[in-house]
């Protein structure tokens with residue numbers, strides 16, 4: 001099972017949503033689902049992404065107009081593995097620990113998060129931690145990226161640099 005993982009798309013209008021779809025279409029062609037780790041900004045993003053593949057999305061700290069229509073955290077089960085999805089909050093320092101605390105114990109095999117716009121891929125205490133970066137916004141980074149998460153016997157991921 002493969003998932004396209006994105007976060008921090010920060011789309012503010014229909015034109016930006018269409019541009020995002022054009023950017024992501026090639027990556028979504030052979031995935032089983034899309035995971036969005038928050039900061040969609042406008043609700044149109046969720047509907048548009050769901051047309052490409054089944055979508056699992058959480059709200060981020062900039063999703064004011066979306067409100068409670070998306071959960072803050074979720075766990076998705078796929079291929080016998082559990083994927084925790086959250087956005088993250090606060091300063092970058094200590095974010096990994098704060099995100100890990102959202103899913104205590106051995107509740108998940110993977111944690112997908114965003115917030116920093118900077119990609120991160122590392123196993124921490126037996127949990128694959130994945131921040132795909134942002135495909136559209138270069139605040140706090142000099143490049144754009146997405147990730148592909150493969151869920152087989154053991155989870156693995158690849159960060160894809162878009163610049």
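The values are calculated or read from the model by the stated rules, or taken from the named source; none is laboratory data. Just so we're clear, the structure is a prediction, and the values are computed from it rather than from any experiment. All Cβ positions, glycine included, derive from the backbone under ideal geometry; neighbour counts span all protein chains shown.
Can you tell me which of (1) assigned to a loop (DSSP other than H, G, I, E, B); (2) out of contact with any helix residue (DSSP H, G or I) (no Cβ under 7 Å at 6 or more places or on another chain); (3) in contact (Cβ under 8 Å) with a residue 24 or more places away in the chain is the one residue 100 doesn't meet? Every condition holds for residue 100 apart from (1). Looking at 17, 42, just one residue is surrounded by 14 or more Cβ atoms within 10 Å (Cβ to Cβ), part of a loop (DSSP other than H, G, I, E, B) and touching a helix residue (DSSP H, G or I) at 6+ places or on another chain (Cβ under 8 Å), and that residue is 42.
Which count do you get for residues in the stretch 48-65 that are closer than 15 Å to residue 7 by Cα and surrounded by fewer than 21 Cβ atoms within 10 Å (Cβ to Cβ)?
Kept after step one, since they are closer than 15 Å to residue 7 by Cα, are these residues of the stretch 48-65: 48-50, 55-63.
From what is left, the residues that are surrounded by fewer than 21 Cβ atoms within 10 Å (Cβ to Cβ) are 48, 50, 55, 61-62.
Residues meeting the conditions: 5.
Just one of the numbered conditions (1) assigned to a strand (DSSP E or B); (2) under 13 Å from the mean Cα position of the chain (by Cα) is not true of residue 122: (2). Does any residue of the stretch 75-93 turn out to be over 26 Å from residue 22 (Cα atoms), surrounded by 12 or more Cβ atoms within 10 Å (Cβ to Cβ) and free of Cβ contacts under 8 Å to residues at least 12 places away in the same chain? No, the stretch 75-93 contains no residue that is over 26 Å from residue 22 (Cα atoms), surrounded by 12 or more Cβ atoms within 10 Å (Cβ to Cβ) and free of Cβ contacts under 8 Å to residues at least 12 places away in the same chain.
With respect to the stated conditions, residue 84 fails to be assigned to a loop (DSSP other than H, G, I, E, B) and at pLDDT 95 or above. A residue that is closer than 13 Å to residue 84 by Cβ and surrounded by fewer than 20 Cβ atoms within 10 Å (Cβ to Cβ) cannot be found anywhere in the stretch 134-145.
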